[in-house]
Every structure is written in structure tokens, then in C-alpha cells.
Amino acid sequence: MKIIALNGSPRLIGNTTTAVNVIFDELEKQGLATEHVQIYGSIMTPCNDCGSCVIRGDGRCINEDDDMNMYLDKLVGADGIILAAPSYYGNIPGQMKILLERIGASAASHMNGNRLAHKVGCAIAVQSRDGGSGAYSEMVNFMLRNEMTVCGSSPLAILTGTRPAEILNDKEGIEALKSMGKELARLVMKMRS
């Protein structure tokens, strides 16, 4: 069983990566394979709602000039999905937004068989002072809209930090990540057995 994390942060070694690594530690203790994918370096154009993904019948975007279909294949092949992003002006970064919109419009929509339905997912948001709730909600709404089982935590996995690894000082946030990692592993194993 495999869990994939899509990281929407432009910083390769930043707080969002640190958060993903904390949850991966818990998943790997449970024997699950993990893959951390940084999406920020990819150039992706916004969806133009051409409908080709429906017309073709394969749920793939006709635009093969960027990495969206590769990311889609990774998500479809995974048992669990982690969406992780920093808060930029109260929401997820543009690159992550474009990717989620295109996946939702082409492959994940009900017109294309919703290939993300019944997967287990969770969201991680990182904020410097505020805005994490908007980013977190955007990612959770994507999962709910795609009929995924969403794994939560108490408190929510919204961590605070500005400098690299500063989220490690957010003790409650780190405990939330560890708890969510255990629950994500439990749900994935239960749903796939």
C-alpha cells in the first residue's frame, strides 16, 4: 500500500516538507510505502474547460505539455493521498490550485468515473501567522468533492512557522500530525483489506 503526498510549497526544504516528513515517519512505522512529490517546479496551465477529457473517455487531460497527467496517474495509483501546502494570502498557492482544479475537472469528476472516490486522504496547511484555515479548507473540500474519506485530527493539521523547521516548535501541531498519520494508516489498511 502506498501513500502519496503532493506538496504545493515553493520551498523544497521548508515547513511544509517538514510536516510531510513527520506524518511519513508515522506511516512508515506502520509499513506503508510513501512518496513525496513537490509540484511547485512544474509549469501547469489552468483548465480551459474544453471537455476533451470527457469526450476522449479516458479522463486524461488533452494538454500533454505539462505534468498534470503524471500527477493524476500517481494519485489514481495511490491508496492514500496527502495534500500539503502553505497558506498564501489565506489560501493554497496558485500552482496547487491549478493542479487540483485540473484533476477535479478531468479525471476526478463524476463524468469520468471519479477515480479518486473511496481513497483515504488528509490535508496539512502551514501558516506564518494566519490563513491556514483557508488553505486547509480548500484541500479538504477537494477531497470531499471527490468522494474521498477524509482523515482529520484534533487540533486540525494547521501548523505555524516561518523559518525552515520552525513548525517543530508547534508541539500541538506536531502531535496532530502524528495522530493523523496513525489514523491515515489505520484507515488505508482497513479499506484496502
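Looking only at the stretch 69-89, count how many residues are of a type in the set (Gly, Ala, Ser) and surrounded by fewer than 21 Cβ atoms within 10 Å (Cβ to Cβ). Give the derivation first.
Initial filter on the stretch 69-89 (of a type in the set (Gly, Ala, Ser)): 77-78, 80, 84-85, 87.
With surrounded by fewer than 21 Cβ atoms within 10 Å (Cβ to Cβ) added as a condition, the list becomes 77.
Of the residues in the stretch 69-89, 1 are of a type in the set (Gly, Ala, Ser) and surrounded by fewer than 21 Cβ atoms within 10 Å (Cβ to Cβ).
Counting just the residues of the stretch 154-172 that are touching a residue at least 40 places away in the same chain (Cβ under 8 Å) and touching a strand residue (DSSP E or B) at 6+ places or on another chain (Cβ under 7 Å), which one comes out farthest from His118 (Cα to Cα)? This residue is Gly161.
Mind listing whichever residues of the stretch 41-62 are assigned to a loop (DSSP other than H, G, I, E, B), touching a Lys or Arg at 6+ places or on another chain (Cβ under 8 Å) and surrounded by 17 or more Cβ atoms within 10 Å (Cβ to Cβ)? Before the answer, list the steps.
Step one: list which residues in the stretch 41-62 are assigned to a loop (DSSP other than H, G, I, E, B), which gives 41-51, 57-62.
Subsequent filtering for residues that are touching a Lys or Arg at 6+ places or on another chain (Cβ under 8 Å) retains 44, 46-47, 59, 61-62.
The answer is Met44, Cys47, Gly59, Cys61.
Restricted to the stretch 21-57, and to residues that are among the acidic types (Asp, Glu) and in contact (Cβ under 8 Å) with a residue 24 or more places away in the chain, which residue is farthest from Lys119 (Cα to Cα)? Step through it out loud before you land on a result.
Taking the stretch 21-57 and keeping what is among the acidic types (Asp, Glu), we get 25-26, 28, 35, 49.
If we keep only those that are in contact (Cβ under 8 Å) with a residue 24 or more places away in the chain as well, we get 25-26, 35, 49.
On the way: Asp25: 20, Glu26: 19, Glu35: 16, Asp49: 25 Å.
Restricting to residues being among the acidic types (Asp, Glu) and in contact (Cβ under 8 Å) with a residue 24 or more places away in the chain, the top hit is Asp49.
On the given criteria, is Ile92 of a type in the set (Val, Ile, Thr), surrounded by fewer than 19 Cβ atoms within 10 Å (Cβ to Cβ) and either more than 13 Å from the chain's Cα centre (by Cα) or modelled with pLDDT of 85 or more (or both)? Answer is no for this residue.
Quickly run through the stretch 119-133 and pick out the residues that are surrounded by fewer than 17 Cβ atoms within 10 Å (Cβ to Cβ) and either assigned to a helix (DSSP H, G or I) or within 15 Å of the chain's Cα centre (by Cα) (or both). Walk me through it before giving the result.
Keep residues of the stretch 119-133 that are surrounded by fewer than 17 Cβ atoms within 10 Å (Cβ to Cβ), which gives 128-130, 133.
Scanning the stretch 119-133 gives a single hit, Ser133.
Take the conditions assigned to a loop (DSSP other than H, G, I, E, B), surrounded by fewer than 22 Cβ atoms within 10 Å (Cβ to Cβ) and not β-branched (Val, Ile, Thr) and apply them to Leu156. Does it pass? It is true that Leu156 is assigned to a loop (DSSP other than H, G, I, E, B), surrounded by fewer than 22 Cβ atoms within 10 Å (Cβ to Cβ) and not β-branched (Val, Ile, Thr). Selection of the stretch 2-36 for residues being under 18 Å from the mean Cα position of the chain (by Cα) and surrounded by fewer than 18 Cβ atoms within 10 Å (Cβ to Cβ) yields Lys2, Pro10, Arg11, Leu12, Ile13, Asn21, Asp25, Glu28, Ala33, Glu35, His36.
Of the residues making up the stretch 100-111, none is more than 13 Å from the chain's Cα centre (by Cα) and modelled with pLDDT of 95 or more. Evaluated against (1) buried (at least 23 other Cβ atoms within 10 Å of the Cβ); (2) outside any helix (DSSP H, G or I), Ala176 falls short on exactly one condition, (2). One residue stands out among those in the stretch 160-173 that are part of a helix (DSSP H, G or I) and surrounded by 16 or more Cβ atoms within 10 Å (Cβ to Cβ): the one that is farthest from the chain's Cα centre (by Cα), which is Glu166.
The values are calculated or read from the model by the stated rules, or taken from the named source; none is laboratory data. Values in this document were obtained by computation on a predicted structure and should not be read as measured data. FYI the Cβ positions are ideal-geometry reconstructions off the backbone, even for glycines, and counts take in every protein chain you see.
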